[in-house]
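The structure appears right after this line, and notes come after that.
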Amino acid sequence: MQAVTKTMVLLFALAVSALAQSVETVPFRVVLSSANEVPPVNLAASGTATVWLHVVRDATGEIISGSADFGVRYQFPDPITFTGLHIHSGAAGANGPVVINSTLTRVEDAPAQGLLQYQGQVAPTNAAGLAALRGVLANPAGYYVNLHTTANQAGAIRGQMERAQTLVLMTQLSSANEVPPANVDAQGTATLLLVAGMGENGALTSAEATFDVNYAGFPEGTSFTGLHIHTGVAGANGPVTINSALQGAVAAAASGAGNIRYSAEVNMANAASVAALYGLFARPAAYYMNLHTTANPAGAIRGQMRNTDKSTFQVTMLPGNEVPPVVGLDARAHAEFTLHTLRNNEGHVLAGMTIFDVNYRFPVETQFTGLHIHDGVAGVNGPVTLDSGLSRTNEPLSAMGAGNIYRWRTQDSPAAFRAMNSVVIFPERHYMNLHTTVNAPGAVRAQLMEATSVRPEISAILSGVSHPDFRTGAPLGLITIFGENLFRVPADSGSFEAAAPLMLNGTTVTIGGREAAIVTLGREASFIPTDYIVAQVPAGVSAGDHPVVVSNSNGPGMAAMLTVQQIAPVLYFDEVGAIAFRVSDMSLIGPGNPARAGDSIALLMTGLGQVLPGLTTGEYASADPEAMVAGPLQVSIGGRAATGVQATAWPGFAGLNRVVLTVPEGVTGMVEVAVSQIPPVGLTPQPVSSNRATILVE
């Protein structure tokens, strides 16, 4: 299922609109070893690193400044003195110059095992550093991280940089979810952040797991003894497969409510841990987080892991936006605020995780004291509702007045709950504010979005695959609506457990007066128009021409017409060809993984119409029993009829169909796939053909 999940993410990925200047944070992973040094160092030392590159781009997309956060976990045989930590240019087996400095100059007598955390700056005037940022983003394998010591001044442990894939999962923890239920009335909200390195073949090579838990309801004297990811579905206990590094007895807050956060490396030498890592990316509901206590060693509160949806806001914070304006301060901060949320099936936010990513430029050394989202429209001050956690005690003095703040936090307070539900519908009612000792009420500020009263304007409606020659829809099939101002805040339905919502971020779609399910609210600055909605045609819509109406938080727009047929089959495709998977391992068929005669493969489609047993609008299909497509299909590959054709709704998704078949003999090369479908009994029995795509057969 991993390849399926990745492909769905690609199909329905959200894009962040580019502004005049924008910020971007990209993670990388590094596996460090003394054996990687050139020449190798005879030392039993190793480590892992997560490097976050924070870049600022101008209106043309060019990188104009940036910074790098280094987080290095190391193991040496004895206490050690560090003398440097850098990014160098150079491929594996070759030495190269320092291109980005972490600012680590000397750490005397560091413990044999530990964590180093530093941030290095790339100023707008640093041409070599800017080139390095561009180079790492384009080809990370051409750069390496090197940790230097007094004994090995040229480098003690080193590793090439690898692209990292991040995953934000959340869960609501409860004592009632334990099996059997625990004898404590406690609960919590938890975030799991995975940052996994990816090799050139796409395999995961290393990973860091960070557990963040807001807990409440524990009696005084409670001590936590473990925090893990277990393999197991709801209602079943399973083994620990990923550890958080919480060890011993850790006292809970006396009030019984508080926060704990632990980070640890995933043990890539353990097959069960590696399987769980892949599994969390593919099917998080098959895993649960468990917090253990001395009173409940088998588990006190637990919850199944869930995907989150994601909304992002690019802003430029300025002193003149403060109320009253701050005068005489030549400062600004380009920032991105990201909100990951859990939703119920009505689209309401239940809990969230916020990321504050702020690239600041102040004229002198600056001490920051707070970073928040406040309630309040432009020109009005309001209360803090989403706190980044930054304070004077945990944010060091910025001696240069320039750098990057990157903080994430689990949010589940009543004020945060109300704010998150408002932010995704009315972002203009909220602002980000960065506070300093000199300007305690706020030094730079920006609304999350400008206010607008514009209603949706539909430009075109296509099939779910966005093929211009296919403009019809079918009940339970997907369509793509293009236009302007279709919604205020982009989102997708990735965090919904049982169904795609009928309202998402204050946006609704009706087809023939019936509510459609919303799969994606997407915005791409390079598109004309910029907005698109992937929606599911309601189950009960009859054949014929129907008005489609999109409503945003300002109200409904003008209707556009959609022709609905009982079936409207279309194949999903990309630049390589048809989206297809080998059933045996669900790997994506493509140039490096061709299909073969006799293989059982699955084609990704939409628009195949009603299924048995029936599904309601937005309902995710089940794997047991499978929802079978009512109208039979015929499939040919390279002009030869495929056998064993079976079409169902794709389990775990709304609006997608899975067509399983056997690749015929005597077909090789990049060949054409053709699908035709016979309407169900009682309708005109003329077959309806899909678009054609290609597939590689060896």
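So the values come out like this:
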read-out: Selection within the range 384-408 - hydrophobic (A, V, I, L, M, F, W, C) and assigned to a strand (DSSP E or B); value: V384, L386, A402, I405, W408
read-out: Among the candidates V660, V667, residue that is part of a loop (DSSP other than H, G, I, E, B) and either within 29 Å of the chain's Cα centre (by Cα) or surrounded by 14 or more Cβ atoms within 10 Å (Cβ to Cβ) (or both); value: V667
read-out: Which numbered condition F82 misses (of (1) crowded, with 21+ Cβ neighbours inside 10 Å; (2) under 27 Å from the mean Cα position of the chain (by Cα)); value: (2)
read-out: So R261, is it surrounded by fewer than 21 Cβ atoms within 10 Å (Cβ to Cβ) and in contact with a Phe, Trp or Tyr (Cβ under 9 Å, 6 or more places away or on another chain); value: yes
read-out: Options G352, G303: the member that is assigned by TED's automatic domain parsing to the domain that holds T225, of a type in the set (G, A, S) and at negative phi; value: G303
read-out: Flag if T103 is under 30 Å from Y360 (Cβ atoms), without any contact (Cβ under 8 Å) to a residue 40 or more places away in the chain and not charged (D, E, K, R); value: yes
read-out: Test: residue in the range 52-67 that is assigned by TED's automatic domain parsing to the domain that holds V136, more than 19 Å from V136 (Cβ to Cβ) and exposed (fewer than 15 other Cβ atoms within 10 Å of the Cβ); value: yes
read-out: Residues of the range 437-472 satisfying the condition of being assigned to a loop (DSSP other than H, G, I, E, B), at negative phi and within 26 Å of the chain's Cα centre (by Cα); value: L448, M449, E450, G464, V465
read-out: Hits in the range 599-635 (condition: in a loop (DSSP other than H, G, I, E, B) and either aliphatic (A, V, I, L, M) or surrounded by 17 or more Cβ atoms within 10 Å (Cβ to Cβ) (or both)); value: D599, G607, L608, G609, Q610, L615, T617, G618, Y620, A627, A630, G631
read-out: Test: residue in the range 237-249 that is within 24 Å of T308 (Cα to Cα), out of contact with any strand residue (DSSP E or B) (no Cβ under 6 Å at 6 or more places or on another chain), assigned by TED's automatic domain parsing to the domain that holds L169 and β-branched (V, I, T); value: no
read-out: Residue within the range 199-217 that is touching a Pro at 6+ places or on another chain (Cβ under 8 Å) and surrounded by fewer than 17 Cβ atoms within 10 Å (Cβ to Cβ) present; value: no
read-out: Breaking point among (1) aliphatic (A, V, I, L, M); (2) under 27 Å from N321 (Cβ atoms); (3) in a loop (DSSP other than H, G, I, E, B), for L434; value: (3)
read-out: The range 477-516, residues that are buried (at least 24 other Cβ atoms within 10 Å of the Cβ), small (G, A, S) and part of a strand (DSSP E or B); value: A491
read-out: Condition met for I425 (farther than 24 Å from G188 by Cβ, in a loop (DSSP other than H, G, I, E, B), in contact (Cβ under 8 Å) with a residue 24 or more places away in the chain and of a type in the set (A, V, I, L, M)); value: yes
read-out: Residues that are more than 20 Å from the chain's Cα centre (by Cα) and not in a helix (DSSP H, G or I), drawn from the range 410-422; value: S413
read-out: Yes/no for V549 being buried (at least 24 other Cβ atoms within 10 Å of the Cβ), in contact with a strand residue (DSSP E or B) (Cβ under 9 Å, 6 or more places away or on another chain) and part of a strand (DSSP E or B); value: no
read-out: Every pair of residues 6+ apart whose Cβ atoms lie under 7 Å, when the first sits in the range 176-188 and is on the phi < 0 side of the Ramachandran plot while the second is crowded, with 20+ Cβ neighbours inside 10 Å and among the basic types (K, R); value: N177/R302; E178/R302
read-out: Inter-residue pairs, beta-carbon under 7 Å, first over 12 Å from V675 (Cβ atoms) and in the range 633-659, second aromatic (F, W, Y) and in a loop (DSSP other than H, G, I, E, B), 6+ apart; value: G652/Y620; F653/Y620; A654/Y620; L656/W650; R658/W650
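For every residue, the table says whether it meets (1) out of contact with any Leu (no Cβ under 8 Å at 6 or more places or on another chain); (2) in the same structural domain as E178 (by TED's automatic domain parsing); (3) aliphatic (A, V, I, L, M); (4) crowded, with 17+ Cβ neighbours inside 10 Å.
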position	(1), (2), (3), (4)
V266	no, yes, yes, yes
A272	yes, yes, yes, no
A275	yes, yes, yes, no
G279	yes, yes, no, yes
R283	yes, yes, no, yes
M289	no, yes, yes, yes
T293	yes, yes, no, yes
N321	yes, no, no, yes
V326	yes, no, yes, yes
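Per-residue answers, yes or no, for (1) surrounded by 21 or more Cβ atoms within 10 Å (Cβ to Cβ); (2) in the same structural domain as Q121 (by TED's automatic domain parsing); (3) out of contact with any Pro (no Cβ under 9 Å at 6 or more places or on another chain); (4) within 27 Å of A578 (Cα to Cα):
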{"residue": "P414", "(1), (2), (3), (4)": "no, no, yes, no"}
{"residue": "M420", "(1), (2), (3), (4)": "yes, no, yes, no"}
{"residue": "V423", "(1), (2), (3), (4)": "yes, no, yes, no"}
{"residue": "A440", "(1), (2), (3), (4)": "no, no, yes, no"}
{"residue": "I461", "(1), (2), (3), (4)": "yes, no, yes, yes"}
{"residue": "P475", "(1), (2), (3), (4)": "yes, no, no, yes"}
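The values are calculated or read from the model by the stated rules, or taken from the named source; none is laboratory data. Just so we're clear, the structure is a prediction, and the values are computed from it rather than from any experiment. Here Cβ is always computed from backbone atoms with ideal geometry, including for glycine, and neighbour counts include all displayed protein chains.
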